[in-house]
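Data block below; observations after.
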Amino acid sequence: YGGALTVAGIARAVGTIAFFVWIYRAAQHAHDQGRAGLTISPGWCVGWFVVPVAQVWEPFRAMSGLAIASDPRERGHAPGYVLAWWLMYLGSLIVFFVGARSYAHHGAIGADLGATVLANVLSTGAVLALWATMRFIERGQAYWATQARGASESSTKRRKRKRRGPAKMPKEDPT
């Protein structure tokens, strides 16, 4: 099992780093666009995942704020799959650690098999809910970027019209 665990560990590390880069960039975009709802800085959106004790609720607050700030409908609350992601993620960690402790205490592989299966099911559900959350945020940010470009193009057109002055009336022919 050593090689498989090493590959799984490397894949998890790469996935975690990619997620941290994504959440940082998404939070930075929300701040750059001046969107309300995200009260946590991009750095702390990532940092809260590694701060003991606070990592139990702060990453959820960061993702919720990011979803609220990115929501094109401006509903003022995050979609349900943000909460689903967080609960399944926490559940998978709890079940994994309880199963690992049971294995360490009893020393039998079968003792933690049910916990391992449950942790993997919860982990898979968490990944799917996280994927839906990320898609929601990316689509929302694309919408707001388009709105900002449209507003910027409109103001550019207005500035050009002002520089040219008012439209001139054609001169009447004296004859």
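The values are calculated or read from the model by the stated rules, or taken from the named source; none is laboratory data. Bear in mind the structure is a predicted one, so any value in this text is a computation, not a measurement. Here Cβ is always computed from backbone atoms with ideal geometry, including for glycine, and neighbour counts include all displayed protein chains. Ligands, DNA and RNA are stripped out before the accessible areas are found, and what is left, the full protein with its side chains, is counted by its heavy atoms. Shrake-Rupley method; radii C 1.70, N 1.55, O 1.52, S 1.80 Å.
Quick one: net charge around Ala36, please, counting Lys, Arg +1 and Asp, Glu -1 for every other residue with C-beta under 12 Å from its C-beta.
Values: positive: Arg35; negative: Asp71, Glu74.
The answer is -1.
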Per residue, what accessible area does region 4-69 have, given a 1.4 Å probe and all protein chains present, in Å²?
-> 55 Å²
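Determine, from the Cβ-Cβ distance of Tyr143 and Val117 and an R0 of 45 Å, the FRET efficiency 1/(1 + (r/R0)^6), rounded to the nearest 0.05. Kindly include the intermediate steps, with their values, before the conclusion.
Details: r = 40 Å, r/R0 = 0.88.
Between Tyr143 and Val117 the formula returns 0.70.
Can you give the local net charge around Ala18? Use residues other than it whose beta-carbon is closer than 13 angstrom to its beta-carbon, Lys and Arg +1, Asp and Glu -1.
Details: positive: Arg12, Arg25; negative: none.
Cβ neighbours under 13 Å give a net charge of +2.
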Stretched fully, the stretch from Leu83 through Ala151 gains (0.36 nm per residue minus C-alpha distance, one decimal, in nm) 21.1 nm
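Hey, could you get me the Stokes-Einstein D for region 45-91, Kirkwood radius over alpha-carbon pairs, 25 °C and 0.890 mPa s, rounded to whole µm² s⁻¹? Mind showing how you got there, number by number?
On the way: Rh = 11.1 Å.
D, rounded to a whole number, is 221 µm²/s.
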